Amino acid sequence: MWITTIDEVPEFVRPVARNMRAWDRDEIFATQPDDDLDRFIEFVQALGPASWVAGEGFEPIACFGAFQLFPGLFSMWFFATDNINNIGKSMTKAVRDVIVPHLFARGARRLECRSMEGHVDAQRWLEVIGARRESSAPDYGRGGQTFHTYVWDLR
C-alpha cells in the first residue's frame, strides 16, 4: 500500500470518486447540496494538506482526511472504491496509528465524523480506528436520513 497527499496528486481523486462504493456515494451526497460529482471532486482536491489518497500498485483506492472547522476541531472524511479490501488492514493501521495521532499533534482537541444510518461497515471501521459514537441526528441528511456522529477526543 502507498499513501500520499492529495496536494501532490490531485488527479488521483477523480478515479476514486467516480468508482466509489455505493454506500460512500449515498452517504456523501446526502450531505451535499446536489449530486454533482465534478463539484465534489473539485472540493476534495482543494481540502489541503490533511488530505490523502491511498492505493496499491498504480491504482488509487481511497481518499481520506480531515479539515479544520475551527481551531481544535477537525471533521474527518473517507471514501473508497470496492477494492478497499486490498489495502484495508494497512489502511486501518495507518489511520489509527499515524493519521489520527498526527492530527492531534497538529493541535486537534477533537476529531469528528458523521456516518449515515445503515452504513454499518463504515461505523464498525470508525470504532476499530478509535472513534466512539457520540450522538445521532435524525433528519440530518438532505433526504431526511439519520446520521451518527463519531468522535475521537483527548479525554
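Some points to look at:
- Hits in segment 118-147 - residues which are in contact with a strand residue (DSSP E or B) (Cβ under 7 Å, 6 or more places away or on another chain) and in a loop (DSSP other than H, G, I, E, B): G130, A131, Y140, G141, Q145, T146
- With respect to (1) open to solvent by less than 20 Å² (accessible area, probe 1.4 Å); (2) within 23 Å of G143 (Cβ to Cβ), the lone exception for M91 is condition (2).
- Complete set of residues in segment 101-121 that are modelled with pLDDT of 95 or more, on the phi < 0 side of the Ramachandran plot and open to solvent by less than 50 Å² (accessible area, probe 1.4 Å): L111, E112, C113, S115, M116, H119
- Scanning segment 85-94 turns up at least one residue that is within 26 Å of P15 (Cβ to Cβ), outside any helix (DSSP H, G or I) and in contact (Cβ under 8 Å) with a residue 60 or more places away in the chain.
- Boolean, G55 is over 20 Å from E11 (Cβ atoms) and either of a type outside the set (S, T, Y) or touching a Phe, Trp or Tyr at 6+ places or on another chain (Cβ under 7 Å) (or both): no
- Residue in segment 148-155 that is open to solvent by 60 Å² or more (accessible area, probe 1.4 Å) and either part of a loop (DSSP other than H, G, I, E, B) or not basic (K, R) (or both) present: yes
- Annotation: of all residues in segment 68-88 being hydrophobic (A, V, I, L, M, F, W, C) and under 14 Å from W125 (Cβ atoms), the one that is surrounded by the fewest Cβ atoms within 10 Å (Cβ to Cβ) is W77.
- Subset of segment 4-15 (residues that are of a type in the set (A, V, I, L, M, F, W, C) and not in a helix (DSSP H, G or I)): I6, V9
- Counted residues, segment 4-15 - those being open to solvent by less than 70 Å² (accessible area, probe 1.4 Å), in contact (Cβ under 8 Å) with a residue 40 or more places away in the chain and touching a helix residue (DSSP H, G or I) at 6+ places or on another chain (Cβ under 9 Å): 3
- Residue check for L47: surrounded by 14 or more Cβ atoms within 10 Å (Cβ to Cβ), at pLDDT below 95 and within 14 Å of V16 (Cβ to Cβ): yes
Here is a yes/no grid of residues against (1) crowded, with 18+ Cβ neighbours inside 10 Å; (2) assigned to a loop (DSSP other than H, G, I, E, B); (3) among the acidic types (D, E):
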{"site": "A17", "(1), (2), (3)": "yes, no, no"}
{"site": "W23", "(1), (2), (3)": "no, no, no"}
{"site": "P33", "(1), (2), (3)": "no, yes, no"}
{"site": "I41", "(1), (2), (3)": "yes, no, no"}
{"site": "A54", "(1), (2), (3)": "yes, no, no"}
{"site": "A66", "(1), (2), (3)": "yes, no, no"}
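- Taking the criterion of being under 18 Å from A94 (Cβ atoms) and not small (G, A, S), the residues of segment 48-59 that qualify are P49, W52, V53, E56, E59.
The values are calculated or read from the model by the stated rules, or taken from the named source; none is laboratory data. Predicted, not measured: the structure shown is a model, and the values here were computed from it. FYI the Cβ positions are ideal-geometry reconstructions off the backbone, even for glycines, and counts take in every protein chain you see. Quick note on the areas: whole protein, heavy atoms, side chains included, nothing else; ligands and nucleic acids left out. Shrake-Rupley method; radii C 1.70, N 1.55, O 1.52, S 1.80 Å.
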